[in-house]
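Heads up: the structure comes next, in structure tokens.
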Amino acid sequence: MLNITLEKRPSDSKLMSYLSPIFAVILTLISGGLLFTALGQDPFHALYTFFISPLTDIYGWTELGVKVAPLTLCAIGLMLCFKARVWNIGAEGQFILGGLGGGYIALELMDAEGFWVLPLVLFFGALSGLLWGALTALLKTRFGANEILTTIMLNYIALNWLLYGVHGPLKDPDGFNFPESALFSDFATLPVLSDDYRLNISIFFALFAVAVIWALMSKTLLGFQISVLGEDKAAARFAGFKEERLIWFVLLACGALAGLAGVSEVTGSIGQLNPYISPGYGYAAIIVVFLGRMHPIGIVFASMLLALTYMGGEMAQMDLALPKSLTGLFQGMLLFYLLACDLLISYRIVRKPTARSTGSSSNSAQA
Amino acid sequence: MDFELFTNILFATLRTGTPLILIALGEMVCEKSGVLNLGQEGMVLMGAALGFIAAVVTGHAGLGIIAAILAGMMMSVLFAFLAVTLVSNQVATGLALTIFGTGLSGFLGAGYVGMAIDGIAPFPIPLLSDIPFIGKVLFSHDPLVYLSWVMFALIFWCFRSTRLGLTIRAVGENPEAANAIGIPVMKVRYGAILFGGAMAGLAGAYLSLVYTPMWSEGMSAGRGWIALALVVFASWKAERILLGAYLFGAASIMHLVLQGLGFEASPNLLAMLPYGATIIVLVIIASDAAKAKLSTPLALGKPYRPQV
């Protein structure tokens, strides 16, 4: 039996809340090393391949940006929801709807020329995501349906809607029957920053969104109300904050941001609709929010780390012949270790008092 | 609709409902003890992956089932350690379990995608299966369908007339009081979570060894989540879980019904039905909030640590 026990801290430790993500990353790396060893790989070489080699040249960093943009957009929206204790797991569906809605307009405007096409496509993408978020808000505020379950169901519905589109009405008639749409026209494609790389201007959307949401949360009454609602519902009600309106706001904002991420992805690095427009960005963004300590700057850094797990998975597949699904494994481990380490924010580990000094208190925490 | 088609639809409904019954019964026991485990989807996927791998490696589907149950239990121990011992947030931990299970099962199963195995053969019950109609609908299934009925009966009986059932409920309603009268709250919760993991693993085995004898990433397709909604829908009553699961099973095989009636519809659009049905169910549950509150285990989702 372990000779240690947990003791509640008088108040939460600020330091630990910053250290916990670092501990989690270190534990993930150690576990990853052990895993690679078990798979018969040299752990240091494998970890290098997974976490360092993707970033050894400019191209790697621009590819990181390609993935940071959608992750950050989804995560910053989710942050608003989680701040208000609205457990929106639906960024994935809102992302897909954004891609589908924007992509639909892009396909309709295939022959249109002019610089108004792209803003229109982006607008409809964000709007589609927003409407998907609105559905959740309606179900929650009007009917009181649990948002965790409704958003997950909406994610599956969104995915099947996309599949219906690319297998049916949106399929490219000249596409040899592949479940893909036609390639969007140049007027409906996001400009890249440099012709040598895939990085496009969606990274600026992401950084802009981070700045706006940061200002919203730290400088405005609305942001304050959202925080209060999340921390103490009773206090928010007592202060006369309109709870329903705040729930609507966070879900609409998150839907629009995730939708923008989705439409930026299809008009950016993908350039068409296909069944795989999201490699799970909406779910990974949940980890980003927790890892980034629900703070905009933290979210940017956490997005970079999660983006790296996607690139690492690809590198491991190419160089080490390991399955790409390592990405999901590392993401899951990271979140698990983070939750475990977060315990240290409100508890500290102390040596268990010896049996003699505790006397008769028999029901101590031994499990 | 001709009679044979009707028979086939009922038969398929029972098959489709079976994994939902297994997952939902396990989660119900877990929630009765006051623990909300949102990691069902991850545990089901791990059960499906490891069950399939074990069946391929050993060439024995029965060993696959055992491996699946163990896989589900191992995942649930992870959850229990974090949520019970380390008193972490149950919602976040459950989500983490799903994300982790999805990733780990995809990783472990990567080499087995597209492989075919024989799976578990149906076992028509002698004599009974010869009865027209009823024999086909009820008694021509694979052993796991019968097992789901046995598990239902056991759990129904457990909560209706055993001390164990009372103990679990006491822990889920008021852990402080349960602790005060000497019930080992932590142990009961560990046990309930482990049982939930075993059932989820078994459901995974049903998917990858019986329902569609193959492995593909994310093959549970949200059944773990649907089962979570089902438990609330059933107000934590085993008999209603049975009914609800078959209703969902029917919604999931609407394409069979429509084809039988001569309609053509996109399989992707029809695939939305069970998810849409879940949302409708969630709305119905919530509209009767007072009743839902009455049947919810009082301490559900609230971490508990006995004071030293």
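The values are calculated or read from the model by the stated rules, or taken from the named source; none is laboratory data. Just so it is clear, the structure is predicted and the values come from calculations on it, not from any experiment. Cβ sites come from the backbone with ideal geometry, for glycine too, and all protein chains shown count toward neighbours. To get the accessible areas, we keep the full protein, side chains included, count just its heavy atoms, and leave off ligands, DNA and RNA. Shrake-Rupley method; radii C 1.70, N 1.55, O 1.52, S 1.80 Å.
How large is ³J(HN,Hα), in whole Hz, for each residue of the range B:107-120 in order, when computed from phi with the Karplus curve 6.51 cos²θ - 1.76 cosθ + 1.60 and θ = phi - 60°, using x for Gly and Pro?
5, 5, x, 3, x, 10, 5, x, 6, 10, 10, 6, x, 9
Kindly report the accessible area of chain B per residue (heavy atoms of protein chains, probe 1.4 Å, no ligands, DNA or RNA), in Å².
40
How large is ³J(HN,Hα) for each residue in the range A:27-42, as worked out from phi by the Karplus curve 6.51 cos²θ - 1.76 cosθ + 1.60 (θ = phi - 60°), to whole Hz, x for Gly and Pro?
4, 5, 5, 4, 4, x, x, 4, 4, 4, 4, 4, 7, x, 9, 6
In whole angstrom, note down how far apart the Cα centers of the range A:229-245 and the range B:177-220 are.
37
Quick one: check the C-alpha center-to-center distance for the range B:1-45 versus the range A:269-338, whole angstrom.
Centre-to-centre (Cα) distance: 31 Å.
Mind giving me the nanometre distance, one decimal, between the label points for A:I4 and A:Y48, set 7 Å out from Cα along Cα→Cβ?
3.3
If one takes the accessible area of chain B alone plus chain A alone and subtracts that of the pair, with a 1.4 Å probe, what total in Å², rounded to the nearest 100, results? Intermediate values should be presented prior to the final figure.
Details: alone 14380 and 18500 Å², together 28900 Å².
Separately minus together, B and A give about 4000 Å² buried.
Taking the mean number of other Cβ atoms within 10 Å as a proxy for protection, how do you rank B:75-81, B:226-232 from highest to lowest?
Numbers: B:75-81: 24.1, B:226-232: 26.9.
Ranking the peptides B:75-81, B:226-232 by packing returns B:226-232, B:75-81.
Shape call for the range A:47-107 from the C-alpha gyration tensor, a ≥ b ≥ c root eigenvalues: rounded (a/c under 1.5), prolate (a/b greater than b/c) or oblate? Walk me through the numbers on the way to the answer.
Working: a/c = 3.15, a/b = 1.44, b/c = 2.18.
Cα axes put the range A:47-107 in the oblate bin.
Of B:Y206, B:Y275, B:Y190, which has the largest mean-square fluctuation in a 10 Å C-alpha GNM of chain B?
B:Y275
Helix A:147-167 versus the longest principal axis of chain A: what angle, 0 to 90°, nearest 10, using Cα atoms?
30
Which semi-axes, in whole Å and largest first, does the equivalent ellipsoid of chain B have when worked out from the alpha carbon gyration tensor as the square roots of 5 times its eigenvalues?
Working: eigenvalues 205, 102, 71 Å².
For chain B, the semi-axes come out at 32, 23, 19 Å.
Just flag the trypsin sites (Lys or Arg not before Pro) in the range A:225-317 sitting in loop per DSSP whose Cβ has no more than 15 other Cβ atoms within 10 Å. Present the calculation step by step, with values, prior to reporting the outcome.
Working: sites: A:K233, A:R237, A:K242, A:R245, A:R293; in loops: A:K242, A:R293.
Loop-located and lightly packed - A:K242.
What is the packing order of peptides A:333-340, B:179-186, taking the mean over residues of other C-beta atoms within 10 Å and listing the highest first? List each step's numbers first, then the result.
Details: A:333-340: 23.9, B:179-186: 16.0.
Taking the mean over residues of other Cβ atoms within 10 Å, the ranking is A:333-340, B:179-186.
How high is the FRET efficiency from B:L294 to B:F263, r the C-beta distance, R0 51 Å, rounded to 0.05?
On the way: r = 42 Å, r/R0 = 0.81.
The value I calculate is 0.75.
Cα-Cα pairs above 27 Å in the range A:65-321: how many percent? Please list the in-between numbers first.
Details: 11706 of 32896 pairs.
Distances greater than 27 Å cover 36 percent of the Cα pairs.
Looking only at B:G201, B:G119, B:G72, which one moves most when chain B is put into a Gaussian network model with springs between Cα atoms under 10 Å?
B:G119
Report, to two decimal places, the Cα Rg of the range B:12-139 normalised by 2.2 N^0.38 Å (N = number of residues).
On the way: Rg = 17.3 Å, N = 128, 2.2 N^0.38 = 13.9 Å.
The range B:12-139 yields a ratio of 1.25.
Calculate the dipole size of the range A:65-321 relative to its Cα centre from +1 charges on Lys and Arg beta carbons and -1 charges on Asp and Glu beta carbons; express the result in debye to the nearest 20. Walk me through the numbers before you get to the answer.
On the way: 13 positive and 18 negative charges, 273 e Å.
Computed about the Cα centre, the dipole is about 1320 debye.
Tell me whether the range B:107-172 comes out rounded, prolate or oblate; compute the Cα gyration tensor, take square roots of the eigenvalues as a ≥ b ≥ c, and use a/c under 1.5 as the rounded threshold. Before the final figure, lay out each step's value.
On the way: a/c = 4.58, a/b = 1.24, b/c = 3.69.
Verdict is oblate for the range B:107-172.
Heavy atoms of the protein only, probe of 1.4 Å, neighbouring chains included. What is the accessible area of B:V113 in Å², nearest 10?
90
Under 14 Å from the Cβ of A:L326, count the other residues' Cβ atoms, weight Lys and Arg +1, Asp and Glu -1, and hand me the total. Intermediate values should be presented prior to the final figure.
Numbers: positive: A:K324; negative: A:E314, A:D319, B:E217.
Here the count lands on -2.
Of A:P275, A:P323, A:P21, which is the most mobile in a GNM of chain A whose springs link Cα atoms less than 10 angstrom apart?
It is A:P323.
Which order do you get for A:S20, B:S140 if you rank them by accessible area with a 1.4 Å probe, largest at the top? It would help to have the intermediate numbers written out before the result.
Details: A:S20 0, B:S140 25 Å².
Putting A:S20, B:S140 in descending order of accessible area: B:S140, A:S20.
Got a sec to turn the phi values of the range A:285-294 into Karplus ³J(HN,Hα) couplings, 6.51 cos²θ - 1.76 cosθ + 1.60 with θ = phi - 60°, whole Hz, x for Gly and Pro?
Per residue, the Karplus-derived 3J(HN,Hα) values read 5, 4, 5, 4, 5, 5, 5, x, 6, 6 Hz.
Need the list of lysines near B:K237 for cross-linking: C-alpha distance under 22 angstrom, and skip anything on the same chain fewer than eight residues off.
Cross-link targets: B:K32, B:K291, B:K293, B:K302.
For A:Y59 and B:E176, FRET efficiency with R0 = 45 Å and r from the beta-carbon atoms, rounded to 0.05? Spell out each step's value before the answer.
On the way: r = 59 Å, r/R0 = 1.31.
My answer for the efficiency is 0.15.
On alpha carbon coordinates alone, what is the Rg over Rh value for the protein assembly as shown, Rh being the Kirkwood radius? Mind showing how you got there, number by number?
Working: Rg = 25.3 Å, Rh = 26.2 Å.
Value, to two decimals: 0.97.
Of all accessible surface on the protein assembly as shown at a 1.4 Å probe, what whole percent is carbon and sulfur?
Details: 19420 of 28900 Å².
Roughly 67 percent, rounded to a whole number.
If we count every other residue with Cβ under 11 angstrom of B:F11's Cβ, Lys/Arg +1 and Asp/Glu -1, where does the sum land? Spell out each step's value before the answer.
Details: positive: B:R15, B:K136; negative: B:E4.
Value of the local net charge: +1.
A:D195 accessible area, nearest 10 Å², 1.4 Å probe?
150
Collect residues whose amide H, placed 1.01 Å from N in the peptide plane, falls under 5 Å from the amide H of B:V35; neighbours closer than 5 in sequence don't count.
Amide H neighbours of B:V35, under 5 Å, 5+ apart: B:G301.
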